[in-house]
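**Q** Shown below is the structure under consideration.
Here, each number is a calculation from the coordinates, and none is a lab measurement. Not measured: the values here are computed from a predicted model. Cβ atoms come from the backbone with ideal geometry, glycine included; neighbour counts cover every protein chain shown.
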Number of protein chains: 2
Amino acid sequence: MSGERPDEFAIIERYFAPLAGEGAFGLRDDAALLGKPDFPLVVTQDALAEGIHFFSQDPSELVARKAVRVNLSDLAAKGAVPTAISIALGLSDNWEESWIAGFAQGLAHDCRQYGIAMTGGDTFRSPGGTVIAVTALGEIRTGEYRSRLGADDGDCLFVTGTIGDGALGLLARRATLGPEDAPEGLSQLQLETLQSNYLLPNPPVHFADVVAEFASASMDISDGLAGDLEKLAAASGFDAEVNIENVPLSDEVTTLASDPALLSAALTGGDDYQILFTVPPDNVEGMRNAAAKAGIEVRNLAEVHSGSGKVTFLDKDGEVMRLGSKSWNHFA
Amino acid sequence: MSGERPDEFAIIERYFAPLAGEGAFGLRDDAALLGKPDFPLVVTQDALAEGIHFFSQDPSELVARKAVRVNLSDLAAKGAVPTAISIALGLSDNWEESWIAGFAQGLAHDCRQYGIAMTGGDTFRSPGGTVIAVTALGEIRTGEYRSRLGADDGDCLFVTGTIGDGALGLLARRATLGPEDAPEGLSQLQLETLQSNYLLPNPPVHFADVVAEFASASMDISDGLAGDLEKLAAASGFDAEVNIENVPLSDEVTTLASDPALLSAALTGGDDYQILFTVPPDNVEGMRNAAAKAGIEVRNLAEVHSGSGKVTFLDKDGEVMRLGSKSWNHFA
């Protein structure tokens, strides 16, 4: 039966997109724009489930912060600075108070760090496992809401941070917790660094104003660079050819990427929570200056050209790379 | 161990209340007030879990509408008209497309009925069972946000609709699905009516403007009239003595309430999604007229007096009633 079931995107397209309100872009965007012209408010919602998005053994302080941060990358990608969160916390039947204490500590930490207020939420029993659904609200302080639709012929494609740390960090985490082998070639410290990236993503929250002011189209990378770039390209109607040498990789991922399967995992595995965006040529210098001021690394991946959403990755020799599944499938 | 764990309210008080932002009333309210003075926005979030808030066999169209409506009662109680919802939908591993189709149909129905736009959300795997976390946003069109705090000595305590249909409807639903006996004394049609009230609550959404204009304090009744009245009384600092004959009951609940255990269940069982509110004496006539115009029944339960939150229910003979557990415990 499973083979006949639609995937997440087909479900949204078929059943939920018809319900989208104005400002919700047919539910094809990472967030939605609400509010009056003089008070542009952005809302987004992402959930984590035990055993799917985090391990039962993960420290609850980090689970809480991850649950917040996966929403903050969506806001930042739309140009919005976070202001408030609401949390629905479903507790499995064997919950312990110490878990909640750690969870609240993590929340408090990130609320302080990002200047976010908690508006409320809901706690409830979720017998099958802990579930955390966070709704985040943000404001656009300068510039405009950035959907996935605005890229033009000749715009420059950029990405923040580094790619693949979350995906390969998941492998490192699995090796720590279970019988799986750790990826080879890394020191213990490097493995721990990778694992930390998986446990606690570090989205470029303070990049929001740069996106709002200088980008033409933008999205966060949560399901892998390769697949998410295809979504951006399809939404805006461009083609892009990305040379793999332009993709920013951390030292740890660079070491592992000598194995083609791990390089492929880094490009398609998800959990990056970085921002993928296009910039009109006239805005590139301003964007680079603003990014430097915000202390956020950006890398130019390619120039985009009007097209049908075709995305190609080229290896060091200029050959087209064959990636496996391009994107994390939430129901796989 | 379970005996040592705090209940939902203790968890919120101990761990999450310190994180509350301005407008969130220490997370003691049903919702929070956001936004600028000229754009008062209210946000609330309530979740339903399979096996806890709904049965696996419940039609998904009704599950969707219930998930929306349990949030709309929170908004209405604060004086806010719903404008937008976001939904995090966690699907158990054995989900079927027909379930989602029905769920989307239910959503579409209630979005149309209440003029709500869907802003987005998240679909994800929830191996242990389906979970639905809805965040609802609403606007105050007239009057003010009504917290639980504003009741004054001499205000009149009112309730909308009827009480106990959801709680006794749950008993009827259990009898339909399983080995339990149906409550005695009702016709088949009455049992079905009760069951429908459990499956699809009917909160007084259009009462929002009346609350915002005329009430002094307000909350929705989701955990049972008796317990929720104690919360309102504690928050506002009043005592109240409610004669049971003033509590509005449907014909079905009236029939069953001849059994004291079932009357107690009706007062403490939850799932009412009606509004409990206080009105200054000078506003009572205006409130009654506005309620009549909105087509919503209201009933005067008592007059409240400054106090420490003491709530008493008196039976027909004026004797103090002994209720069991006063409130639905979400972790019981």
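**Q** Can you list the copy-to-copy distances for residue A:300, using a point 7 angstrom from Cα toward Cβ, in nanometres, shortest first?
**A** 7.7
**Q** Can you give me the distance in nm between label points at residue B:14 and residue A:306, each placed 7 Å from the Cα along the Cα-to-Cβ direction?
**A** According to this spin-label approximation, the distance is 6.4 nm.
**Q** Charges only on Cβ, +1 for Lys and Arg, -1 for Asp and Glu: so what's the dipole of chain A about the Cα centre, in debye to the nearest 20? Walk me through the numbers before you get to the answer.
**A** On the way: 23 positive and 49 negative charges, 132 e Å.
Here the size comes out at about 640 debye.
**Q** When the gyration tensor of the protein assembly as shown is built from Cα positions, what are the square roots of 5 times its three eigenvalues, in whole Å, from largest to smallest?
**A** Numbers: eigenvalues 456, 132, 98 Å².
Equivalent-ellipsoid dimensions as semi-axes: 48, 26, 22 Å.
**Q** Longest exposed-loop-site-free stretch of chain B, with GluC sites (Glu not before Pro), DSSP loop and at most 11 other Cβ within 10 Å?
**A** Working: sites that count: B:22, B:184, B:319.
Segment B:23-183 is the longest.
**Q** Treat each spin label as a single point 7 Å out from the Cα along the C-beta direction, and report the residue A:101 to residue A:297 distance in nm.
**A** A separation of 3.8 nm, rounded to one decimal place.
**Q** Axis carrying B onto A: which residue of B has the nearest Cβ, and how far, whole Å?
**A** Taking the axis that maps B onto A, the answer comes out as B:128, 1.
**Q** Looking at chain A only, what percent of DSSP beta bridges run antiparallel? Nearest 5 please.
**A** On the way: 38 of 51 bridges.
So the antiparallel bridges amount to about 75 percent of the total.
**Q** If you don't mind, there's one more thing I want to ask. Would you mind working out the magnitude of the charge dipole of the protein assembly as shown relative to its Cα centre, with +1 at each Lys and Arg C-beta and -1 at each Asp and Glu C-beta, to the nearest 20 Debye?
**A** Working: 46 positive and 98 negative charges, 96 e Å.
So the magnitude is around 460 debye.
**Q** Another question about this same structure. Mind checking the range A:89-195 for trypsin sites (Lys or Arg not before Pro) that DSSP puts in a loop (not H, G, I, E or B) and that have at most 15 other Cβ atoms within 10 Å? Spell out each step's value before the answer.
**A** Numbers: sites: A:112, A:125, A:141, A:146, A:148, A:173, A:174; in loops: A:141, A:146, A:148.
Sparse-neighbourhood loop trypsin sites (Lys or Arg not before Pro): A:141.
**Q** Okay, next question. For chain B, modelled as a Gaussian network with Cα springs under 10 Å, which listed residue fluctuates most, B:220, B:272, B:93?
**A** B:93
**Q** Now for a different question. Under unit Cβ charges (Lys, Arg +1; Asp, Glu -1), what dipole magnitude, rounded to 20 debye, does the range B:163-211 have relative to its Cα centre? Don't skip to the end; give the middle numbers.
**A** Working: 2 positive and 6 negative charges, 20 e Å.
Result for the range B:163-211 is approximately 100 debye, rounded to the nearest 20.
**Q** Separation between the residue A:246 and residue A:92 pseudo-spin-labels, each 7 Å from Cα along Cα→Cβ, expressed in nm?
**A** My value for the distance between the label points is 4.4 nm.
**Q** HN-Hα J couplings of the range B:196-205 from phi, Karplus 6.51/-1.76/1.60, θ = phi - 60°, integer Hz, Gly and Pro as x?
**A** 4, 5, 6, 5, 9, x, 10, x, x, 4
**Q** Further question: Have a look at B:59, B:99, B:76 and report the one farthest towards the positive end of the charge dipole of the range B:3-100, computed about the Cα centre with Cβ charges (Lys/Arg +1, Asp/Glu -1).
**A** B:76
**Q** Of A:108, A:127, A:154, which is farthest towards the positive pole of the protein assembly as shown's charge dipole, taken about the Cα centre with +1 and -1 on the beta-carbons of Lys, Arg and Asp, Glu respectively?
**A** Checked the options; the winner is A:154.
**Q** Please list, in order along the range B:182-193, the HN-Hα scalar couplings obtained from phi with the Karplus expression 6.51 cos²θ - 1.76 cosθ + 1.60 (θ = phi - 60°), rounded to whole Hz, x for Gly and Pro.
**A** 5, x, 7, x, 10, 6, 4, 4, 5, 4, 5, 4
**Q** Ok, one more. Counting only helical runs of four or more DSSP H residues, what would the 222 nm mean residue ellipticity of chain B come to if each run contributes -39,500 (n - 2.57) and the total is spread over all its residues? Don't skip to the answer; put the middle values down first.
**A** Working: 10 runs with 111 residues, N = 332.
One gets -10000 deg cm²/dmol as the mean residue ellipticity at 222 nm.
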